[in-house]
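Structure first, then comments.
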Amino acid sequence: MERLPEDFIFGAATAAFQAEGAVNEDGRGKCYWDEYLHRAESTFNGDTASDFYHKYREDTALCREYGINGIRISIAWTRIIPDGSGKVNQKGIDFYNDMINACLEAGVEPYVTLHHFDTPLELFKNGDWLNRENTEHFVRFAKICFENFGDRVKKWITINEPWSVVAGQYIIGHFPPNIKYDVPKAVQAMHNMCTAHAKAVIEYKKMNLNGEIGIIHILESKYPISEKPEDIRAALLEDTLANKFMLDASLKGSYSESTMQIILEILEKYDAKLDINEDEPDILRKGAELNDFLGVNYYASHFLKGYEGETEIYHNGTGKKGTSIFRIKGVGERVKNPEIETTDWDWPIYPKGLYDMLVRIKNEYPDCQKLYVTENGMGYKDEFINGKIEDIPRIDYIKKHLAAINQAITAGVNVKGYFVWSLMDVLSWTNGFNKRYGLFYVDFQTQKRYPKKSAYWYKETAESKVIK
Ligand code: FCB
């Protein structure tokens, strides 16, 4: 029988832009997604999302009822500082005070993210993370949040998934500003985000608020599809670019020699360099020293093949199986492993990749004492039949990943908790409302919540700690 530790957190995750809606209420400013999803060609927007802005009391009550004792929420920068860098909006502060209190009253610990993909529009237009001035604005925003909520929020996450942000913005091009195949911009933005994270950690620790702070990375294991040297190399290159570069920056506080060598080799193919300011190595080092935990978001792993050509990417955003293409110049090509099942969005379902990643972090980054799996879940076209949602594949997915975590704990990795993505169905950045992840089904017309079969299963698991 597999049993998770008694104090293990059974959580569920949300993010402001994907859940809140109410984009024009109480003085909220615009983030770049607001503008982007209102362009003529867009088929959905985030104006109402899952109406979490008005329903957080109901949703935290659901958490309590279903055994969920941790919730990831994020604070919309634009509710606190509408233009990102100017005046503070008291109504935004009041709103999150209420939301945080609601979580605590329901006995659900809030894990609060400061940046979950939603840079304020003004700062986005001004270069987003490529502009170092914006990292200063971010740190100011972070400090305002620590000051106002730090008495009650004891778990902080600076930034969610730098890799997804920069890959979406500058490589795949399905996130604004929709730039394609520009690996150097992606690398630079990742470095700047890790520096911003470190600065926010340093500021937090100065305030002696007696809580913990960390960063979340999306960490997908990269395996060679064969034993051929070029395939092994491709896996190493993608791993360095998408995982190791930022793990080094945020957990070790410096880029190891082998990491830097590979990154510079990749950049050379684009005739580009990485720009590191004089004071940044010191900031990264201090930030890593003070960092308390790492959040691991995990959905899939990838299988790599050597590739010498130009970049070519087709992002399967519609759930049409077998349509993805992902080849990066100077890195490698993701290929299908016939032995491994995928979701309709071509994401390989591979719990062992999570186990491998957790164990690897323990071995390669021994200073990282504490981990959470801060997102994991299955995007699925749920069917709502007579008020019931029988999401068996999702239960199976979560079960296998929880078992992989338990195995990692047995192997000595200090994983303290797990957060299902997502608590209720929310907006998906590139799929709108068709790709559902929630434990609770949302009827987006009425905003009514319905527990899926997975919600009942999760409750039983959270209460018994037994994976079955
Ligand atoms: C992650 C994001 C999250 C959600 C899931 C499916 O990359 O952190 O907001 O969209 O993917």
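Leaving out ligands, DNA and RNA, and with a 1.4 Å probe, what % of the accessible surface on the stretch 382-429 is carbon or sulfur?
Carbon-and-sulfur percentage of accessible area, whole number: 51.
Given a 1.4 Å probe and heavy atoms of the protein chains only, how would you sort Y372, Y181, largest accessible area at the top? It would help to have the intermediate numbers written out before the result.
Numbers: Y372 10, Y181 65 Å².
From most accessible down to least: Y181, Y372.
The stretch 391-468: percent of C-alpha pairs farther apart than 14 Å? Present the calculation step by step, with values, prior to reporting the outcome.
Numbers: 1970 of 3003 pairs.
The calculated P(r) of the stretch 391-468 puts 66 percent of pairs beyond 14 Å.
With all protein chains present, calculate the accessible area of R233 using a 1.4 Å probe and round the result to the nearest 10 Å².
100
Where in the chain are the helices, taken as whole DSSP H runs, whose Cα atoms extend 24 angstrom or more along the long axis and whose Kyte-Doolittle mean reaches at least -0.5?
Details: long enough: 132-149 (26 Å, -0.56); 183-206 (35 Å, -0.15); 392-410 (27 Å, 0.11).
Membrane-span-like by this criterion, though nothing is claimed about a membrane: 183-206, 392-410.
Please work out the FRET efficiency for the pair T410 and E289, using the Cβ-Cβ distance as r and a Förster radius of 22 Å; give the result to the nearest 0.05.
Values: r = 29 Å, r/R0 = 1.32.
That gives a FRET efficiency of 0.15.
If I stretch the segment between N337 and Y456 completely, what's the gain in nm (0.36 nm per residue apart, minus their alpha carbon distance), one decimal?
Numbers: separation 119, 0.36 × 119 = 42.84 nm, distance 3.28 nm.
Extra length available between N337 and Y456 comes to 39.6 nm.
What would the Debye equation give as log₁₀ I(q)/I(0) for the chain at q = 0.09 Å⁻¹, counting only Cα atoms as equal point scatterers?
-0.55
Explain nothing, just the number: relative contact order of the stretch 369-422, from Cα pairs under 8 Å at least 6 residues apart, as a whole percent.
On the way: 53 pairs, mean separation 32.9, N = 54.
Once normalised by length, the contact order is 61 percent.
Using a simple spin-label model with points 7 Å from Cα along the Cα→Cβ vector, what separation in nm is obtained for S226 and I276?
3.7
Cα extents of the stretch 1-85 along the three principal axes, largest first, in whole Å?
Taking the Cα atoms of the stretch 1-85, the three principal extents are 53, 28, 23 Å.
Give the residues of the stretch 118-153 whose amide nitrogen is closer than 12 Å to a point set 7 Å from the Cα of E35 in the direction of its Cβ.
Label zone hits: 119-128.
Add -39500 (n - 2.57) for each DSSP H run of 4 or more in the chain, then divide by its residues: what number comes out at 222 nm, to the nearest 500 deg cm²/dmol? Don't skip to the end; give the middle numbers.
Values: 15 runs with 174 residues, N = 468.
Roughly -11500 deg cm²/dmol at 222 nm, from the helical runs in the chain.
List the pairs from K55/K448; K91/K206; K228/K305; K321/K435; K30/K185 whose alpha-carbon separation is above 18 Å, in the order I gave them.
On the way: K55/K448 10 Å; K91/K206 27 Å; K228/K305 9 Å; K321/K435 13 Å; K30/K185 24 Å.
Check vs 18 Å cut-off fails for K91/K206; K30/K185.
Translational D (Stokes-Einstein, µm²/s) of the stretch 92-208 at 10 °C and 1.306 mPa s when Rh comes from the Kirkwood sum over C-alpha pairs? Each step should come with its number before you reach the end.
Working: Rh = 15.1 Å.
Approximately 105 µm²/s, per Stokes-Einstein.
Please figure out what share of the DSSP beta bridges in the chain is antiparallel and state it in percent, rounded to the nearest 5.
35
Whole angstrom only: what separates the Cα centroid of the stretch 2-28 from the Cα centroid of the stretch 277-326?
If we compute the Cα centre of each part, the gap is 22 Å.
May I ask you to give the percent of accessible area on the stretch 293-362 that is carbon plus sulfur, with a probe radius of 1.4 Å? If you can, show how the numbers build up before the last one.
Details: 1510 of 2960 Å².
On the stretch 293-362, the fraction of accessible area on carbon and sulfur atoms equals 51 percent.
Over the chain, give the accessible area per residue in Å² for a 1.4 Å probe, as an integer.
Working: 17940 Å² over 468 residues.
About 38 Å² of surface per residue is accessible.
Calculate, for E265 and L104, the FRET efficiency according to 1/(1 + (r/R0)^6) with r their C-beta to C-beta distance and R0 45 Å; round to the nearest 0.05. Mind showing how you got there, number by number?
Working: r = 49 Å, r/R0 = 1.09.
In this case the efficiency is close to 0.35.
From Cα pairs below 8 angstrom and at least 6 apart in sequence, can you work out the relative contact order of the stretch 125-195, rounded to a whole percent? Walk me through the numbers before you get to the answer.
Values: 61 pairs, mean separation 22.2, N = 71.
So the answer I get is 31 percent.
Scan the chain and report its longest stretch carrying no GluC sites (Glu not before Pro) that are both in a DSSP loop and have at most 15 other Cβ atoms within 10 Å. Can you show the working numbers first?
On the way: sites that count: E6, E25, E41, E227, E278, E308, E310, E339, E341, E383, E390.
In short, 42-226.
Take the residue pairs K180/K222; K400/K468; K199/K252 and return only those whose Cα atoms are more than 18 Å apart.
Numbers: K180/K222 22 Å; K400/K468 10 Å; K199/K252 15 Å.
Where the Cα-Cα span goes over 18 Å, the pairs concerned are K180/K222.
The values are calculated or read from the model by the stated rules, or taken from the named source; none is laboratory data. This is a predicted model, so every value here is computed, not measured. Here Cβ is always computed from backbone atoms with ideal geometry, including for glycine, and neighbour counts include all displayed protein chains. SASA here: full protein model, heavy atoms, side chains in, ligands and nucleic acids out. Shrake-Rupley method; radii C 1.70, N 1.55, O 1.52, S 1.80 Å.
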